[in-house]
Structures are given as structure tokens and as C-alpha cells.
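The structure under discussion appears below in the form of C-alpha cells.
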Amino acid sequence: MKEQNKFSTGRHQEQAAESQAANSGSVEFQSPEELLRHDAAQTAVPPEIARRLSQSIAQSPPPRRPWWRRWLG
């Protein structure tokens with residue numbers, strides 16, 4: 001009888017932990033890229049950093065044409 005009580009108590013604790021994990025809003029990701037996309041959607045970029053990034057991108061040279069386009073025109 002005691003062993004049965006121990007088992008049912010242990011199972012009850014496992015169920016409580018599972019329901020707590022489900023309620024805490026934890027998310028499981030299939031890949032690192034999915035994690036980064038989720039994080040980027042949740043994180044707001046400060047305006048100063050956005051401005052500096054825009055300036056940096058504007059100063060960079062345009063991408064080079066692929067070699068096969070240069071050959072074929």
C-alpha cells in the first residue's frame with residue numbers, strides 16, 4: 001500500500017510540473033534560426049541603434065554582380 005502511495009504521489013508531482021511548464025509560456029524551438037526569429041519579433045530596437053544601422057547600410061557599396069552575369073551580360 002505504501003509503494004502505491006509513493007507512486008501516485010510521484011506521478012502527481014510530475015503532472016503538476018508538466019502543467020506548470022505549460023502555463024509558464026515556455027516555447028520549444030526546432031532550430032536556432034526559429035529561436036532567433038522569435039527573439040527578434042519580441043525585442044524592440046532602440047531608435048538610436050536603428051538610425052545608426054540605417055546610416056551604416058547606406059554607406060556600404062552595392063553588392064557585386066555574380067561572375068556569371070558579368071560574363072553573360
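Contour minus end-to-end for ARG70 and GLN55, with contour as 0.36 nm per residue of separation and end-to-end as the Cα-Cα distance? Show your work: numbers first, answer last.
Details: separation 15, 0.36 × 15 = 5.40 nm, distance 2.91 nm.
Gain on extension, ARG70 to GLN55, equals 2.5 nm.
At 7 Å along Cα-to-Cβ for each site, give me the label-to-label distance between SER26 and HIS38 in nm.
Taking the simple label geometry, SER26 and HIS38 are separated by 1.1 nm.
Ranked highest first by average number of other Cβ atoms within 10 Å, how do 33-46, 55-68 line up? Display every interim value, and only then the final one.
Values: 33-46: 9.5, 55-68: 7.4.
Packing order, densest peptide first, comes out as 33-46, 55-68.
None of the figures in this text is laboratory data; all of them are computed from the coordinates on show. Computed from a predicted model, the values in this text were never measured in an experiment. A quick note on method: Cβ atoms are made from the backbone with ideal geometry, for glycine too, and the neighbour counts reach across all protein chains shown.
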